[in-house]
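Accompanying notes for the structure given below.
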Amino acid sequence: MRKLKSVNPINALPVQASPLFHTLVLGALSRYHEINVLPGAGAAVEVRDRILDYHPEVILFDLALLKANGTELLHSLRENYPVPIIACSGSSKRDARHAIAVIEQGVLDVVVKPSGLGSEPVRKLGEELARKIHTAVNDARPVPKLRIDKARAGGPSFRAIGISPYRHLIVIGASTGGTEALRTLLMHMPADSPAIAIVQHMPALFTPAFAERLNLSSPLKVSEAVDGDLLSSGRAVIARGDTHLTVCHSARGWVARYTHQRPVNRHCPSVDQLFDSAVKSAGKNAIGILLTGMGDDGARGLLRLRQAGALTVAQDARSCVVFGMPKVAQQLGAADLTGSPETIPHLVIQALAMRKRRSANASASVH
């Protein structure tokens, strides 16, 4: 029997469109005695009554209910009872788009309900839910509201300070809380950014919809990566949610490549796999950025990037939803810089400009 770290039972409130969801959650979490599944709620008034009666520490929403009247309920919870919210999604493309939308409204994380109700799919759902509940209650902070610095959004420019975007490659890793962190970061990247490759820990069902949402709010062209994609300036690609994404260098420039599907650091895709490929293909011309997330995936890869001469950045503790991956990176000495998602693009450009001046001064002193 797996045990969670919490001393007292964690009260989890299911909010459902039908009693079947409550039954599914009960079955999935039956092995986890330190998670107490409360009587489910349906209508908004029932959610209020359950909160007053039981004081849940985490709320599990059936995404089907959020489709109907979820926006007002999520807003009310975020303002009046800001506990972590995990949504359980169906497996259609429409479900995926809605899942990404509710994350923007304050939902911490999303899991996919099994298509079948056999013992093995339900067991896997329980394992994933228990892990996310544990993180939500013990490690996560409230999802911050999206911040837009209009003075910096879409800029500053790489070319304006004499840096060729074709010389550099940006690789980014993120997990829990990363959807909004990435949205903020990319919103503040200039249109002449170097090519960007991103790993966000997310089910394969969600990555196309996630890329579509990022594309709407960023000055960059954002899409899900396709094997063999040429990564060019002004473009960002998101790793598919079920295969490791790497980058290699060719005569045409950097190219996206998918490799195997074996988990690394319990994840597929893994941030470390992406970062290690950037060490080989870009070396000192790489820029590595590690954002919010549980665990340590990407921390050692960021260190290897720094050791190769790359510029490395970790998200700061204040702005992280889960200060796990960036914390380990900082403890390892892997980060040249730390900052929030809205300030990281500016910090990167400043650091590259400083490196360029130092290089010019060194060359002048030699001559």
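Read-outs throughout are calculated quantities, based only on the coordinates presented, and are distinct from any laboratory measurement. The model shown is predicted, which means the values in this text are computed figures rather than measured ones. Because the Cβ atoms are built from the backbone with ideal geometry, glycine has one as well, and the counts that use them run over all protein chains shown.
Gain in length, E46 to H75, computed as 0.36 nm per residue apart minus the alpha-carbon separation, to one decimal in nm?
Computed gain between E46 and H75 is 8.8 nm.
Helix-only arithmetic for the chain: the sum of -39500 (n - 2.57) across DSSP H runs with n ≥ 4, divided by the residue total, places the mean residue ellipticity at 222 nm at -12000 deg cm²/dmol. Across the chain, where is the longest run that never hits trypsin sites (Lys or Arg not before Pro) in a DSSP loop with at most 15 other C-beta atoms within 10 Å? Between the exposed loop sites, the longest stretch runs 32-144. Rounded to the nearest angstrom and listed largest first, the equivalent-ellipsoid semi-axes of the range 159-360 from its Cα gyration tensor are 22, 19, 17.
Taking G301, G253, G40 as the candidate residues, the one with maximal mean-square fluctuation in a Gaussian network model of the chain, Cα springs under 10 Å, is G253.
Going by how many other Cβ atoms sit within 10 Å of their own, how do L74, L332 line up, fewest first?
L332, L74
Working note: Debye formula, equal point scatterers on the alpha-carbon atoms of the chain, no solvent; log10 I(q)/I(0) at q = 0.10, 0.12, 0.15 Å⁻¹ is -0.62, -0.86, -1.26. Between the range 174-206 and the range 300-367, how many Å separate their Cα centres? Taking the Cα centre of each part, the range 174-206 and the range 300-367 sit 17 Å apart.
Build a GNM of the chain with springs between Cα atoms under 10 Å apart, and of A211, A310, A351 the one that fluctuates most is A351. Considering only V321, V279, V137, the mean-square fluctuation computed in a Gaussian network model of the chain, springs between alpha carbons under 10 angstrom, is largest for V137. By the combined test of axial Cα extent (at least 18 Å) and Kyte-Doolittle hydropathy (mean at least -1.0), the qualifying DSSP H helices of the chain come to 63-80, 119-138, 344-366. Residue separation of S359 and R97 scaled by 0.36 nm, minus their Cα-Cα distance, works out to 89.7 nm of gained length.
With a cut-off of 14 Å on the backbone N, the residues of the range 92-114 near the modelled label site 7 Å out from L216 along Cα-Cβ are 94-105. For the chain, give the share of DSSP beta bridges that are antiparallel, in percent and rounded to the nearest 5; count only bridges with both residues there. Given both bridge residues lie in the chain, the antiparallel proportion sits at roughly 20 percent. Rounded to the nearest 20, the Cβ-based charge dipole of the range 10-138 about its Cα centre (Lys and Arg +1, Asp and Glu -1) stands at 400 debye. Could you give log10 I(q)/I(0) at q = 0.13, 0.14, 0.15 Å⁻¹ for the range 173-290, computed by the Debye formula over C-alpha point scatterers of equal weight, without solvent? Log10 of I(q)/I(0), two decimals: -0.43, -0.50, -0.59.
Protection proxy ranking for 108-114, 244-250, using the average of other Cβ atoms within 10 Å per residue and placing the highest first: 108-114, 244-250.
For R252 and S30, compute 0.36 nm times the residue count separating them, minus their Cα-Cα distance, and round to one decimal in nm.
Extra length from R252 to S30 when fully extended: 74.5 nm.
For the chain, the number of Lys pairs with C-alpha atoms closer than 17 Å, counting only pairs eight or more positions apart or on separate chains, is 10.
Distance between the modelled labels on K284 and S232, one decimal in nanometres: 2.9 nm (7 Å Cα→Cβ projection).
Look at where the Cα atoms of the range 213-229 and of the range 7-83 average out, and the two centres are 34 Å apart.
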